[in-house]
Amino acid sequence: MIQYQSTRGSKETKTSAQAIIQGIGEDKGLYVPSEIPALPFTFEEMVGKPYKDVAFRVMKAFFEDYTEEELQACIDSAYDSKFEEEEIVPVKKAGDAYFLELYHGPTAAFKDMALSILPYLLTTAMKKENETRKVCILTATSGDTGKAALEGFADVPGTEIVVFYPNQGVSLVQERQMSTQTGENTHVFAINGNFDDAQTGVKNIFSNEKLEEQLTEIGITLSSANSINIGRLVPQVAYYVFGYLRLIEKGVIKEGEAINVVVPTGNFGNILAAYYAGKMGIPVKKFICASNENKVLTDFLNTGTYDLHREFYLTNSPSMDILISSNLERLLYHLAEGKGEEVSRLMKELAEEKQYTVSDAIKAGLKDFYGGYADMEKTGETIGKLYKEEGYLVDTHTAVAYQVYEDYRRETGDETPALLASTASAYKFADSVCQAIGIGKGQDGFASVAKLAEETNVRIPAGLKELDKKEIRHKGVVEIDAMQQAVLDSLQ
Ligand SMILES: *Cc1c(COP(=O)(O)O)cnc(C)c1O
């Protein structure tokens, strides 16, 4: 059976259920499967099958300790009518790429693909491990993750969720998405501080042993929904397999022919899931990793040196404004052929020297990747061009990916069909998209959404519709040093 072990060399092994509960290794490494399973089916067998069938077969190959009934129940609870498209993940051709539309879930961004199933994977794991405490998810968010986690965990039995976001530090639409969240078990607070303060505050709560005791007394254990949990990564592998099957079904490729995969990348989770799909047996020629001005990954893929000595930019693709891409650690581990000590040394160098350079062996493995970036201006131009020439509306993150893909094609002449991860609805970033298509943004975020709908006739995602009219349920604003008390008060 596949076991899960840490990227940093500790010898502990876990079942997938244990790794999902634990979240992060005892040595602070990330859990990786002892081997990446081969696809458990032939392409012929699964072409034309619904998303849930493909997801089940792919996920079962990784989560062998879940019974078929358990996993099926998780999948059925996750990928239901809260997705606005029957297909769950439609694949659409526009310009030179096939867009894998991952944003039709409740919060209109791709994080729903994993965060709608994680609560069920987690509560099932707790039952399997005879953990009788309730689990409380604690999250600091700069906007998108918090809402997707709230939506995923809302009213899931056996769970509570507490989210902290920086007061004035998220967009109006994001703020309202969170403050109107329904669900008896949801708790949302703005903190008087920035995102780093929120993140540090949450980390301090996790390492506070006295609080842990107090929570145990009232029957609660803390957990996190951040993207290093293996329970978020594996569900993402499924949609790349599904996308490949759809390209066969559409007659774009024949069984076994290679594709390119293009991913707008921040924390390296989404593109790593594509890499796992490749290791399972999806033929991929290049993994094209697209960044915005925060192009630490572009430079890393080109040089083998990961270097944090650089300016941090706030861009119009904010979910990719990241300098430390946590999930890259998993790729390093696989390319180092499981030498955890080597990964551990690189991560120590990153923490202490703010940079590291990988071995020649790891560098050789990076050749499957192409790194590129697009700046804000190019991103806007790309949105405008796709809309005017193709009648296809994309958000800023997806536009970064498309622009980098066009650069790749020009540089290499490679015309292999490309599957491009489309990670958010254009409505999520309506201000930027309105400007990019030349209609000017509205008075505020809500007005931009309305304006974009009027201009394009693209349906507004249900979760963003009439957001300004929904009841505000969460009004709490707390000081940084009162976060712990806020958690206790929420749970008592
Ligand atoms: C989170 C996010 C990304 C980046 O995904 P990673 O898995 O962190 O690389 C890209 N686009 C959008 C819209 C996102 O929300």
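Considering only segment 407-436, state which residues are in a loop (DSSP other than H, G, I, E, B) and among the β-branched types (V, I, T).
Taking segment 407-436 as the starting set, the residues that turn out to be in a loop (DSSP other than H, G, I, E, B) are 413-417, 423, 425.
Those that are in a loop (DSSP other than H, G, I, E, B) and among the β-branched types (V, I, T): T416, T423.
Look through N226, N267, N302, N316 and report the one residue that is of a type in the set (S, T, N, Q), away from the ligand (no atom under 12 Å from the Cβ) and either open to solvent by 30 Å² or more (accessible area, probe 1.4 Å) or closer than 30 Å to V162 by Cβ (or both).
On the way: N226 fails: away from the ligand (no atom under 12 Å from the Cβ); N267 fails: away from the ligand (no atom under 12 Å from the Cβ); N316 fails: away from the ligand (no atom under 12 Å from the Cβ).
Of the residues listed, the single one that is of a type in the set (S, T, N, Q), away from the ligand (no atom under 12 Å from the Cβ) and either open to solvent by 30 Å² or more (accessible area, probe 1.4 Å) or closer than 30 Å to V162 by Cβ (or both) is N302.
Within segment 365-396, which residues are among the aliphatic types (A, V, I, L, M) and not in a loop (DSSP other than H, G, I, E, B)? Give the steps one after another, and end with the answer.
Applying the first criterion (among the aliphatic types (A, V, I, L, M)) to segment 365-396 yields 366, 374, 376, 383, 386, 393-394.
Listed by number, the residues that qualify are L366, M376, I383, L386.
Got a number for residues in segment 389-442 being more than 16 Å from the ligand (Cβ to nearest atom) and hydrophobic (A, V, I, L, M, F, W, C)?
Filtering segment 389-442 down to residues more than 16 Å from the ligand (Cβ to nearest atom) leaves 389-392, 406-418, 434-435, 437-442.
After this cut, where a residue has to be hydrophobic (A, V, I, L, M, F, W, C) as well, the list is 418, 434, 437, 439.
The number of residues fulfilling the criteria is 4.
Would you mind finding the one in L452, L419, L464 that is aliphatic (A, V, I, L, M), under 17 Å from H397 (Cβ atoms) and surrounded by fewer than 23 Cβ atoms within 10 Å (Cβ to Cβ)?
Numbers: L452 fails: surrounded by fewer than 23 Cβ atoms within 10 Å (Cβ to Cβ); L419 fails: surrounded by fewer than 23 Cβ atoms within 10 Å (Cβ to Cβ).
Result of the check over L452, L419, L464: L464.
With the condition kept exactly as written, say whether any residue in segment 239-253 is within 16 Å of the ligand (Cβ to nearest atom), open to solvent by less than 40 Å² (accessible area, probe 1.4 Å) and among the β-branched types (V, I, T).
No, there is no match, as no residue in segment 239-253 is within 16 Å of the ligand (Cβ to nearest atom), open to solvent by less than 40 Å² (accessible area, probe 1.4 Å) and among the β-branched types (V, I, T).
Please count how many residues of segment 450-481 are hydrophobic (A, V, I, L, M, F, W, C) and within 16 Å of the ligand (Cβ to nearest atom).
Residues of segment 450-481 hydrophobic (A, V, I, L, M, F, W, C): 450, 452-453, 458, 460, 462, 464, 467, 472, 477-478, 480.
Now restrict to residues that are within 16 Å of the ligand (Cβ to nearest atom): 464.
Adding up the residues that qualify gives 1.
Would it be correct to say that L386 is touching a Gly at 6+ places or on another chain (Cβ under 9 Å) and either away from the ligand (no atom under 16 Å from the Cβ) or under 21 Å from M320 (Cβ atoms) (or both)? Spell out the reasoning first.
Numbers: touching a Gly at 6+ places or on another chain (Cβ under 9 Å): yes; either away from the ligand (no atom under 16 Å from the Cβ) or under 21 Å from M320 (Cβ atoms) (or both): yes.
Yes.
Quick one: is K52 surrounded by fewer than 18 Cβ atoms within 10 Å (Cβ to Cβ) and on the phi > 0 side of the Ramachandran plot? Break it down into steps so the answer makes sense when it comes.
Values: surrounded by fewer than 18 Cβ atoms within 10 Å (Cβ to Cβ): yes; on the phi > 0 side of the Ramachandran plot: no.
It is false that K52 is surrounded by fewer than 18 Cβ atoms within 10 Å (Cβ to Cβ) and on the phi > 0 side of the Ramachandran plot.
Is at least one residue of segment 143-163 free of Cβ contacts under 8 Å to residues at least 12 places away in the same chain and not hydroxyl-bearing (S, T, Y)?
Taking segment 143-163 first, the residues free of Cβ contacts under 8 Å to residues at least 12 places away in the same chain are none.
Checked segment 143-163: no residue is free of Cβ contacts under 8 Å to residues at least 12 places away in the same chain and not hydroxyl-bearing (S, T, Y).
One residue is enough: does segment 113-122 have a residue meeting the conditions open to solvent by 10 Å² or more (accessible area, probe 1.4 Å), within 19 Å of Q22 (Cβ to Cβ) and not basic (K, R)?
Within segment 113-122, the first condition is being open to solvent by 10 Å² or more (accessible area, probe 1.4 Å), and the residues that meet it are 120.
Within this subset, residues satisfying the condition of being within 19 Å of Q22 (Cβ to Cβ) are 120.
Still in the list and also not basic (K, R): 120.
So far as segment 113-122 goes, yes, one or more of its residues are open to solvent by 10 Å² or more (accessible area, probe 1.4 Å), within 19 Å of Q22 (Cβ to Cβ) and not basic (K, R).
Going through segment 437-492 one residue at a time, which ones are part of a helix (DSSP H, G or I), under 27 Å from F110 (Cβ atoms) and of a type in the set (V, I, T)? Full working, then the answer.
Filtering segment 437-492 down to residues part of a helix (DSSP H, G or I) leaves 445-456, 462-464, 467-469, 480-491.
Among the residues that remain, those that are also under 27 Å from F110 (Cβ atoms) are: 445-456, 462-464, 467-469.
Residues satisfying the conditions are V449, T456.
I'd like to check something: does segment 204-221 contain any residue that is in a loop (DSSP other than H, G, I, E, B), open to solvent by less than 40 Å² (accessible area, probe 1.4 Å), in contact (Cβ under 8 Å) with a residue 40 or more places away in the chain and in contact with a Ser or Thr (Cβ under 9 Å, 6 or more places away or on another chain)?
Checking segment 204-221: at least one residue is in a loop (DSSP other than H, G, I, E, B), open to solvent by less than 40 Å² (accessible area, probe 1.4 Å), in contact (Cβ under 8 Å) with a residue 40 or more places away in the chain and in contact with a Ser or Thr (Cβ under 9 Å, 6 or more places away or on another chain).
Restricting attention to segment 69-90, and to residues there that are in contact (Cβ under 8 Å) with a residue 12 or more places away in the chain and under 19 Å from I460 (Cα atoms), which single residue is nearest to the ligand (Cβ to nearest atom)?
Narrowing segment 69-90 to residues in contact (Cβ under 8 Å) with a residue 12 or more places away in the chain: 70-79, 82-85, 87-90.
If we keep only those that are under 19 Å from I460 (Cα atoms) as well, we get 82-85, 87-90.
Numbers: K82: 17, F83: 16, E84: 17, E85: 17, E87: 20, I88: 17, V89: 15, P90: 17 Å.
Only one residue tops the list, namely V89.
Applying the selection to segment 322-341, what residues are open to solvent by 10 Å² or more (accessible area, probe 1.4 Å) and free of Cβ contacts under 8 Å to residues at least 40 places away in the same chain?
L323, I324, L335, E337, G338, listed by residue number.
If you scan segment 4-14, which residues turn out to be in a loop (DSSP other than H, G, I, E, B) and surrounded by fewer than 18 Cβ atoms within 10 Å (Cβ to Cβ)? Full working, then the answer.
Applying the first criterion (in a loop (DSSP other than H, G, I, E, B)) to segment 4-14 yields 7-12.
Passing the criteria: S10, K11, E12.
Would you check if there is a residue in segment 278-294 being in contact with a helix residue (DSSP H, G or I) (Cβ under 9 Å, 6 or more places away or on another chain), among the acidic types (D, E) and away from the ligand (no atom under 16 Å from the Cβ)?
No; the residues of segment 278-294 include none that is in contact with a helix residue (DSSP H, G or I) (Cβ under 9 Å, 6 or more places away or on another chain), among the acidic types (D, E) and away from the ligand (no atom under 16 Å from the Cβ).
Does Y373 satisfy the condition of being within 16 Å of the ligand (Cβ to nearest atom), among the aromatic types (F, W, Y), open to solvent by 10 Å² or more (accessible area, probe 1.4 Å) and touching a residue at least 60 places away in the same chain (Cβ under 8 Å)?
Numbers: within 16 Å of the ligand (Cβ to nearest atom): yes; among the aromatic types (F, W, Y): yes; open to solvent by 10 Å² or more (accessible area, probe 1.4 Å): yes; touching a residue at least 60 places away in the same chain (Cβ under 8 Å): yes.
It is true that Y373 is within 16 Å of the ligand (Cβ to nearest atom), among the aromatic types (F, W, Y), open to solvent by 10 Å² or more (accessible area, probe 1.4 Å) and touching a residue at least 60 places away in the same chain (Cβ under 8 Å).
I need the full set of residues from segment 270-299 which are polar (S, T, N, Q), buried (at least 23 other Cβ atoms within 10 Å of the Cβ) and closer than 26 Å to I24 by Cβ, in order please. Outline the logic, then answer.
Just the residues of segment 270-299 that are polar (S, T, N, Q), to begin with: 270, 291-292, 294, 298.
Next, from what is left, pick out any that are buried (at least 23 other Cβ atoms within 10 Å of the Cβ): 270, 291-292.
Matches in segment 270-299: N270, S291.
Y103 fails exactly one of the following numbered conditions: (1) within 13 Å of the chain's Cα centre (by Cα); (2) surrounded by fewer than 24 Cβ atoms within 10 Å (Cβ to Cβ); (3) among the aromatic types (F, W, Y). What is the number of that condition?
(2)
Considering D76, D27, which residue is open to solvent by 50 Å² or more (accessible area, probe 1.4 Å) and among the charged types (D, E, K, R)? Please lay out each step first, then the result.
Values: D27 fails: open to solvent by 50 Å² or more (accessible area, probe 1.4 Å).
Being open to solvent by 50 Å² or more (accessible area, probe 1.4 Å) and among the charged types (D, E, K, R) holds for just one of D76, D27, which is D76.
Looking at segment 15-68 only, could you name the residues that are in contact (Cβ under 8 Å) with a residue 40 or more places away in the chain, outside any helix (DSSP H, G or I) and of a type in the set (F, W, Y)?
Across segment 15-68, the qualifying residues are Y31, F63, Y66.
Among what's in segment 155-182 and is open to solvent by 40 Å² or more (accessible area, probe 1.4 Å) and among the acidic types (D, E), pick the residue that is farthest from the chain's Cα centre (by Cα).
Within segment 155-182, the subset open to solvent by 40 Å² or more (accessible area, probe 1.4 Å) is 155, 157, 167-169, 171-172, 175-176, 182.
Imposing the further condition that a residue be among the acidic types (D, E) reduces the set to 155, 175.
On the way: D155: 22, E175: 19 Å.
Among residues in segment 155-182 that are open to solvent by 40 Å² or more (accessible area, probe 1.4 Å) and among the acidic types (D, E), the one farthest from the chain's Cα centre (by Cα) is D155.
If I filter segment 117-139 for residues that are within 16 Å of the ligand (Cβ to nearest atom), at pLDDT below 95 and within 24 Å of D468 (Cβ to Cβ), do I get at least one hit?
Here is the first cut: in segment 117-139, the ones within 16 Å of the ligand (Cβ to nearest atom) are 117-118, 139.
From what is left, the residues that are at pLDDT below 95 are 139.
Imposing the further condition that a residue be within 24 Å of D468 (Cβ to Cβ) reduces the set to none.
Taking every residue of segment 117-139 in turn, none turns out to be within 16 Å of the ligand (Cβ to nearest atom), at pLDDT below 95 and within 24 Å of D468 (Cβ to Cβ).
The values are calculated or read from the model by the stated rules, or taken from the named source; none is laboratory data. These numbers come from a predicted model, not from an experiment. Please note: Cβ atoms are built from the backbone with ideal geometry, for glycine as well, and neighbour counts cover all protein chains shown. Ligands, DNA and RNA are excluded from the accessible area calculation, which covers all protein heavy atoms including side chains. Shrake-Rupley method; radii C 1.70, N 1.55, O 1.52, S 1.80 Å.
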